[in-house]
Amino acid sequence: MSFDTLGLSAELLRAISEQGYNEPTPVQRKAIPVVLDGKDVLAGAQTGTGKTAGFTLPLLQRLNDSPTGKGRRPVRALVLTPTRELAAQVGDSVKTYGRHLPLRSAVIFGGVKINPQIEKLRRGVDILVATPGRLLDHVSQRTVDLSQVEILVLDEADRMLDMGFIHDIRKVMALLPDKHARQTLLFSATFSNEIKQLANRLLNSPELIEVARRNTTAERIEQRIHPVDKLRKRELLSHMIGSGNWRQVLVFTRTKHGANRLAQQLEKDGLSASAIHGNKSQGARTRALAGFKSGNVRVLVATDIAARGLDIDQLPHVVNYELPNVPEDYVHRIGRTGRAGNEGEAISLVCVDEHKLLRDIERLLKRELPKVVLEGYEPDPSIRAEPIQNGRNNGGGKGRSQPRKRSGGGNGGGGGRNRGRSSGNRSAA
Ligand code: AMP
């Protein structure tokens, strides 16, 4: 199937072919005609499915088909995103796909000067891509008027709620035309009850579009768990990157501090690495991402918030250095690879403290993930608290009854080197 059959204009088809896209992805096939029809959409689609073009292309076409009169341009389409990076990426897509159309767009997010944004808004924009906090700053300074918004897009709505943006979203909604007087598109990777409630409030008889099964991970991503002692994770990571000759790997840590520390340690191991997280200035985040995309930085170490929505073409490897506390975040994290039809690999380094988190993830995915113990990195059974999965992956299934080498020291404290046969298949790295 080609893009020609979806009802898009010649200008948009030209931009699409300049991007080198041959055929629409499933979410594009489903969303584009519905959005062109003016209907509301509730879409379950993860990053990597091509959802950005799925809403941007028809949005551009609708605005272009009904131009406003002369005078200053009102904001006619508003796209809300949870993070700065995602806002910048959506903004880039709007520019790319709309390059042959006479529409203007702007991206506004926090962490950078507000004055250039004010100046841009003053000159008039048709499409505004924004994070909620900075948008409300503009509202309070009366530098933006949202009363003429015709199309609203909430991108990665689940993450917006996770990040505590619900109050900001409510405030923004109060400034927009009523839901019957605008078109609303809501995209979310997962559908929690809160998302359903939000959808009920904001959408008007939406078409439901689902491209991947609910709460499942993209099928092209090969997922694997490497059980390993906590204190040997860094060594194993460096070893995998080096021996596998990985050129580009995104690594997730749980904390900002942990991200910084790991990036520094990897540098010491001779691997070029940068950290990206919420405490970094916008300039530092942009530089880290640019270095990673261009290939100068081999390892990007990120926290969940910073990584949300990162669009890196053909990213082959994602590593969970630590499992996320919230199982849904696992889905988001590994969705950074295997995008738009490429194959990807998602590896999680799991120590004994994290077995409960792993079980939560497997419950969400409704399947067990394969466990592979790497030669030389077998977890020390003396510091194992319990079997990984129903005792099956734990050679002998006697984990809990193993005497501990150390008492009272907690898990993962690097007990004795009394290595025994450990779990799962064996394979060399
Ligand atoms: P998204 O899910 O919107 O973040 O898009 C994921 C990636 O897929 C981006 O790098 C897009 O440039 C790319 N992409 C989007 N649509 C297509 C398509 N029809 N064919 C090939 N690549 C695409």
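The values are calculated or read from the model by the stated rules, or taken from the named source; none is laboratory data. Everything quoted here is computed from the prediction, not taken from an experiment. Please note: Cβ atoms are built from the backbone with ideal geometry, for glycine as well, and neighbour counts cover all protein chains shown. Surface areas here come from the heavy atoms of the whole protein model, side chains and all, with no ligands, DNA or RNA. Shrake-Rupley method; radii C 1.70, N 1.55, O 1.52, S 1.80 Å.
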>> Using the Cα centre of region 221-385 as the reference point, and only Cβ charges (+1 on K/R, -1 on D/E), how large is the resulting charge dipole? Debye, rounded to the nearest 20.
In response: 480
>> With the crude spin-label approximation of a point 7 Å out along Cα→Cβ, what separation in nm comes out for Asn245 versus Ser66?
In response: 5.6
> Ignoring ligands, DNA and RNA, what accessible area per residue does region 221-385 give at 1.4 Å, in Å²?
Replying inline: 37
>> If amide hydrogens are placed 1.01 Å from N in the peptide plane, which non-local residues have theirs closer than 5 Å to the one on Val319?
In response: Leu250, Val251, Phe252, Ile347
> How large are Rg and Dmax for region 221-385 when only the alpha carbon atoms are used, in Å?
Replying inline: 14.9, 46
> Considering only Cα-Cα distances, which of the following residue pairs are longer than 21 Å: Lys51/Lys120; Lys120/Lys171; Lys70/Lys120; Lys196/Lys356; Lys171/Lys196; Lys230/Lys256?
Replying inline: Lys51/Lys120; Lys120/Lys171; Lys196/Lys356
> How long is the gain from Tyr21 to Arg99 if the chain were fully straight, where each residue apart is worth 0.36 nm and the alpha carbon distance is subtracted?
Replying inline: 26.5 nm
> Does region 33-150 classify as rounded, prolate or oblate by the C-alpha gyration tensor (a ≥ b ≥ c root eigenvalues; a/c under 1.5 gives rounded; else a/b over b/c gives prolate, otherwise oblate)?
Replying inline: oblate
> Based on the Cβ-Cβ distance from Ala284 to Lys113, what FRET efficiency comes out when R0 is 25 Å, to the nearest 0.05?
Replying inline: 0.95
>> Can you tell me how region 87-166 classifies by the Cα gyration tensor, rounded, prolate or oblate, using a/c under 1.5 as the rounded cut?
In response: oblate
>> Between Ser272 and Glu375, what's the calculated FRET efficiency when r is the beta-carbon distance and R0 is 25 Å? Round to 0.05.
In response: 0.40
> If you plug each phi of region 114-131 into the Karplus form 6.51 cos²θ - 1.76 cosθ + 1.60 with θ = phi - 60°, what whole-Hz ³J(HN,Hα) values come out, in order, with x for Gly and Pro?
Replying inline: 8, 4, x, 5, 4, 4, 5, 5, 4, 6, x, 9, 7, 10, 10, 10, 8, 8
